[in-house]
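Every number here is computed from the coordinates shown, using simple stated rules; none is lab data. Quick caveat: nothing in here was measured; it's all calculated off a predicted structure. Positions of Cβ are backbone-derived with ideal geometry, glycine not excepted, and every protein chain shown enters the neighbour counts.
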Amino acid sequence: MPSARLTFAVLALAWLPTAARADVVELESGGRIEGTIDDQNQDRGKIVVSLANGGRVTLNRSDVRRTVPRSAEGEKYHRRAATVPDTAEANWELAEWCRTNRLTAEADAHTARVIELDPNHTEARRKLGYSRHRGKWMTRDELMASRGMFRYEGSFRTRQEIELLERSKRGTEAAVNWRKQLARWRRDLGSSKPQESMAAADKFKGLRDPAAAGALVRMLESETNLDVQDLLIATAARIEHPATVQALATLSLNSPRHEVRQQCLEHLVEARRPGLAEIYTKALKSKQNQIVNRAGNALRALGSQETLGALITALITTHEFKMGVDTPQDTYSMDSRGGFSFGGGKAPVKKVQLKNPDVRTALVELTGENFGFDKKAWRRWLANRTTTNVVDLRRDL
């Protein structure tokens, strides 16, 4: 809240004798001037305002947003205010009159003057939002500040919360800037001038800022040029951010291009970003058989010993397929990558159990054992291995 003394002083200027009509002139700059627009002495493109203190101001019309005639209540207030003595009682009476006539700003200014003249005026304090706390009058902001809470964008929050919100806001602003920047670089990649195209490619290759991750991932998701897609994949691999990790992992599982899947996986394995094992372990539960096998291959490449249990569970998985109903028997086969193809015509859904060779290969390479697709044998081995490790650990102790 502005200083009560300052606000009251501004109002006091308006108490000087004025013309019968007064106006508010709102400026494009956000300021405002109160006075009387001189209709008799208007130059073209100018507005002349007579002030309450006898002065005059000439304004360019281009600097004026609008003019607002003062209401009848406003006129009554100015005439009444000019005769009010500067006492707590008189200011309180005028403040109440202002509230009755919906002159809120004027009411608050006179109420603030009341507590300047009489600091313990209870009603005035309450009108301005004060409350008594430990023998001291405090505004709500002051009271909340004593509790470690501060007003921020309309709500009271701790300093830590404000810092997090500010950090998020800065991150959002940075992300917007990066989206514009990357869009310019992408346009330059398609330039007919080789020098511009090479310079843009170098900018992508040098990019490391995590704040650019979101914009880069969105660009990668919509990119159709295969050469540019390869450049964006390599750029994403150099940025340490959960969004780039998730984007590359998703491509390594879902891209229709084998080269892209392999490229993304190689980048991830080399970078050893955190969270990869969790992403691929979750993919072992995919409804698509080929995704399960690709996830198994990724866990093998990562050398993820902690995922052995999940791999054993995914050795044989159940999937739903539309089977042929117009043929004497259902026919289906598994392709070299663990995908599923079927013969026949239109169909109801049928559940089929499929062996996943890439998952088995991952188990064999990670353990040095080979129990084929026998889940029970694999689980017995894993249980015995766990028990052995516990015994060895106790012996070392």
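Computed values, structure above
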read-out: Per-pair calculated FRET efficiency, R0 = 22 Å: LEU226 and GLU196 via Cβ, rounded to 0.05; value: 0.60
read-out: Taking the range 243-322 and dividing mean pair separation by its residue count, relative contact order in percent (alpha carbons under 8 Å, at least six apart); value: 26
read-out: Local electrostatic count, ALA211, Cβ distance below 13 Å [Lys/Arg +1, Asp/Glu -1]; value: +3
read-out: Net charge over other residues, Cβ less than 13 angstrom from the Cβ of GLY171 (K, R count +1; D, E count -1); value: 0
read-out: Rounded if a/c under 1.5, otherwise prolate or oblate - the range 233-309, Cα gyration tensor axes; value: oblate
read-out: Sites matching GluC sites (Glu not before Pro) across the range 124-175 that sit in DSSP coil, with at most 13 neighbouring C-beta atoms within 10 Å; value: GLU153
read-out: Projected label distance in nm at VAL57 and THR313, using a 7 Å step from Cα toward the beta-carbon; value: 7.3
read-out: Rounded FRET efficiency, nearest 0.05, which uses the C-beta distance separating GLU75 from SER131 and R0 of 45 Å; value: 0.80
read-out: THR67-ARG272 FRET efficiency (beta carbon distance; Förster radius 56 Å; 0.05 resolution); value: 0.25
read-out: The range 73-202: relative contact order as a whole-number percent, Cα under 8 Å and 6+ apart; value: 10
read-out: Cut-off 11 Å between beta-carbons: net charge of the residues surrounding ALA298, Lys and Arg +1, Asp and Glu -1; value: +1
read-out: Pair GLU116, ALA145: separation of 7 Å Cα→Cβ label points (nm); value: 2.0
read-out: Flagged links, alpha-carbon separation over 23 Å, of LYS169/LYS282; LYS322/LYS375; LYS285/LYS375; LYS285/LYS355; LYS205/LYS282; value: LYS169/LYS282; LYS322/LYS375; LYS205/LYS282
